[in-house]
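S.K.: A single structure is presented below for examination.
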Amino acid sequence: MNVDLVSGALGAEVINFDLNYLNNKNFEEINNLLLEHKVVFFRNQSLTLEKFIEIASMFGPVEEHAYVKGIEKYPQITRIIKAANEKNQWGEGWHSDVSYDLTPSKVIMLKSLKIPPIGGDTVFSNMELALETLDEVIKKIIQNKKAIHTSNGSKFFVENYSKMESNGKIGEQYSNEHPIIRTHPETGKKILYVNPTYTKKIVGLPDDESSDLLNYIFKHQERLDLSCRFKWTENAIAILDNRSTQHYAIADFYSGRGLGHERVMDRISIVGDKPF
Ligand code: SIN
């Protein structure tokens, strides 16, 4: 399989591979690429919705989103829609998907259906590297500590997006504690596992100390030398390891440039393990 690396930190684009021909043998290759590069991209993929689900299922059981209603007949697929007139975008801000769940998603697959002529790239960041490059004193402080991750409620996922619909779990709020340094269940590598969207507090620290420490770590995680940026074209696929990365969908839709165009993505997630 031919790949082009997207940045020095993470990301690999697989060249000229049609995911319709995925089988057990080449799946192994793709999964190895995913573990090594953390996010893998494919372009010009013409997949039926059934095929999209079938490919995702090779990584493990697929799941429905905690708050967002899936598409008709395929509740496992969340359609992420930024309406033409909207400036904001779902997934704006650094996060690792559903980290507030007891068992946050293992892998996420995104497929671009409609992309503005300019704007709406997604940035991914390598949280193994974030841990490696973190100040040693901070590493010692967070060793064996846990943090609380809390969902921001149904409204957070649908209110600002006119075309996103709740699955009805309006009042539900999910909250779980996870180790700040988690271990990747397949590679054994250590990962910095907090994110500014869902991580609210470090367990056992006074509020101000927790907030100072988290803000320091969030700032570190934003370092551009830990990231790669993917410019979407229609029918591109990103498969991302949600355990060892964070991502940020950039809402750079301004008048005379990206504003006035729809952006539509299909998303499927795969059930993960309890972080340890
Ligand atoms: C997300 O955060 O899951 C959305 C990513 C994107 O639309 O690029």
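S.K.: Looking only at residues that are part of a strand (DSSP E or B) and among the charged types (D, E, K, R) in region 222-276, which one is nearest to the chain's Cα centre (by Cα)? Spell out how you get there, then give the answer.
M.R.: Just the residues of region 222-276 that are part of a strand (DSSP E or B), to begin with: 227-230, 237-241, 245-249, 263-270.
The next check asks that each one be among the charged types (D, E, K, R); those that pass are 229, 241, 263, 266-267.
Working: Arg229: 13, Asp241: 8, Arg263: 17, Asp266: 13, Arg267: 10 Å.
Restricting to residues being part of a strand (DSSP E or B) and among the charged types (D, E, K, R), the top hit is Asp241.
S.K.: If only one of Gln89, Gln76 is in a loop (DSSP other than H, G, I, E, B), among the polar types (S, T, N, Q), within 12 Å of the ligand (Cβ to nearest atom) and under 27 Å from Arg263 (Cα atoms), which one is it?
M.R.: Values: Gln76 fails: within 12 Å of the ligand (Cβ to nearest atom).
Answer to the selection: Gln89.
S.K.: For region 105-148, enumerate the residues that are surrounded by fewer than 22 Cβ atoms within 10 Å (Cβ to Cβ), within 11 Å of the ligand (Cβ to nearest atom) and assigned to a loop (DSSP other than H, G, I, E, B).
M.R.: Selection gives Ile115, Asp121.
S.K.: Of the residues Ala66, Ala56, only one is assigned to a loop (DSSP other than H, G, I, E, B), touching a residue at least 12 places away in the same chain (Cβ under 8 Å) and hydrophobic (A, V, I, L, M, F, W, C); which? Even if it seems obvious, please write down each step before you answer.
M.R.: Working: Ala56 fails: assigned to a loop (DSSP other than H, G, I, E, B).
That would be Ala66, the only listed residue that is assigned to a loop (DSSP other than H, G, I, E, B), touching a residue at least 12 places away in the same chain (Cβ under 8 Å) and hydrophobic (A, V, I, L, M, F, W, C).
S.K.: Does Asn44 qualify as being among the polar types (S, T, N, Q), more than 15 Å from the ligand (Cβ to nearest atom) and either in a strand (DSSP E or B) or closer than 17 Å to Met164 by Cα (or both)? Before the answer, list the steps.
M.R.: On the way: among the polar types (S, T, N, Q): yes; more than 15 Å from the ligand (Cβ to nearest atom): yes; either in a strand (DSSP E or B) or closer than 17 Å to Met164 by Cα (or both): no.
Here the answer is no, as Asn44 does not meet what is asked.
S.K.: Suppose we filter region 165-200 for residues that are touching a Pro at 6+ places or on another chain (Cβ under 8 Å) and of a type in the set (D, E, K, R); how many remain?
M.R.: 1
S.K.: Here's something else I'd like to know. Could you check region 92-104 and list, in sequence order, the residues that are polar (S, T, N, Q) and either within 12 Å of the ligand (Cβ to nearest atom) or surrounded by 22 or more Cβ atoms within 10 Å (Cβ to Cβ) (or both)? Spell out how you get there, then give the answer.
M.R.: Taking region 92-104 as the starting set, the residues that turn out to be polar (S, T, N, Q) are 96, 99, 103.
Within region 92-104, Ser96, Ser99 meet the criteria.
S.K.: Checking Glu209 against (1) touching a residue at least 40 places away in the same chain (Cβ under 8 Å); (2) charged (D, E, K, R); (3) more than 27 Å from Val39 (Cα to Cα): exactly one of these is not met. Which one?
M.R.: Just one mismatch for Glu209, condition (1).
S.K.: Taking the condition of being touching a residue at least 24 places away in the same chain (Cβ under 8 Å) and more than 11 Å from the ligand (Cβ to nearest atom), how many residues in region 246-276 meet it? If you could, list the steps in order and put the result at the bottom.
M.R.: Going through region 246-276, the residues touching a residue at least 24 places away in the same chain (Cβ under 8 Å) turn out to be 246-254, 257-276.
Adding the requirement that they be more than 11 Å from the ligand (Cβ to nearest atom) leaves 252-254, 257-262, 270-276.
Adding up the residues that qualify gives 16.
S.K.: Residues being on the phi < 0 side of the Ramachandran plot, at pLDDT below 90 and out of contact with any Phe, Trp or Tyr (no Cβ under 7 Å at 6 or more places or on another chain): count how many of those fall in region 166-186.
M.R.: Residues meeting the conditions: 4.
S.K.: Right, another one. Against the definition (of a type in the set (D, E, K, R) and assigned to a loop (DSSP other than H, G, I, E, B)), how does Lys169 come out, yes or no?
M.R.: When the stated conditions are applied, Lys169 passes them.
The values are calculated or read from the model by the stated rules, or taken from the named source; none is laboratory data. A quick note: this is a predicted structure, and the numbers were derived from the prediction, not measured. Note that we place each Cβ from the backbone using ideal geometry, even for glycine, and neighbour counts take in every protein chain shown.
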